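Q: Just passing along the structure, written as structure tokens.
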Amino acid sequence: MFARWQQSRCDAYARDVVDTTPLTRAVDHFADRLRAAPQSRLQRGAAAEALELARELARRAQRLEAPGVEPREMPDAGMFAAADQITVAGHDLAVVIPSESDVDDAVRVVEEAQKRAGV
């Protein structure tokens, strides 16, 4: 009897888990491309685009973690920190994202930002 109950709890947990691999993969790919980009590319807007993405991902995560509380804005830590900022914000969002459709939307946002950044 206990084994059947335990299995049903495991099955319920497995249904609630959201696969965030596409999001973390997209964020990590963009961050790697930024780290490999020349300084001139970062100065021409890639770092600014990455910062805007990091801020958007951080806002999404904060709204999920604390609904009704005004999200704090991620500070500009400089163009060489942009890759780390999108990595942190993207992975933070991956921890709290509630559904596969939200993952798909976040991946789309990351991919569009990467295209605009030109990396």
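Q: What residue, among those in the stretch 17-31 that are among the charged types (D, E, K, R) and closer than 13 Å to Val110 by Cα, is surrounded by the most Cβ atoms within 10 Å (Cβ to Cβ)?
A: Going through the qualifying residues, I end up with Asp28.
Q: Open to solvent by 40 Å² or more (accessible area, probe 1.4 Å), closer than 25 Å to Val17 by Cα and of a type in the set (Val, Ile, Thr) - does that describe any residue in the stretch 61-78?
A: Checking the stretch 61-78: not a single residue is open to solvent by 40 Å² or more (accessible area, probe 1.4 Å), closer than 25 Å to Val17 by Cα and of a type in the set (Val, Ile, Thr).
Q: Oh, and also: Pairs only if they're at least six apart or on different chains, beta carbon under 9 angstrom, first in the stretch 26-51 and over 21 Å from His91 (Cβ atoms), second part of a helix (DSSP H, G or I) and open to solvent by 80 Å² or more (accessible area, probe 1.4 Å); list them, first residue then second.
A: Listed pairs, sorted by first residue: Gln39/Phe80; Leu42/Phe80; Gly45/Arg116.
Q: Same structure again: Residues in the stretch 19-31: is at least one in a helix (DSSP H, G or I), of a type in the set (D, E, K, R) and at pLDDT below 95?
A: no
The values are calculated or read from the model by the stated rules, or taken from the named source; none is laboratory data. In this text, all values refer to a predicted model and were calculated from it rather than measured experimentally. Positions of Cβ are backbone-derived with ideal geometry, glycine not excepted, and every protein chain shown enters the neighbour counts. Calculation scope for accessible area: heavy atoms of the full protein, side chains included, ligands and nucleic acids excluded. Shrake-Rupley method; radii C 1.70, N 1.55, O 1.52, S 1.80 Å.
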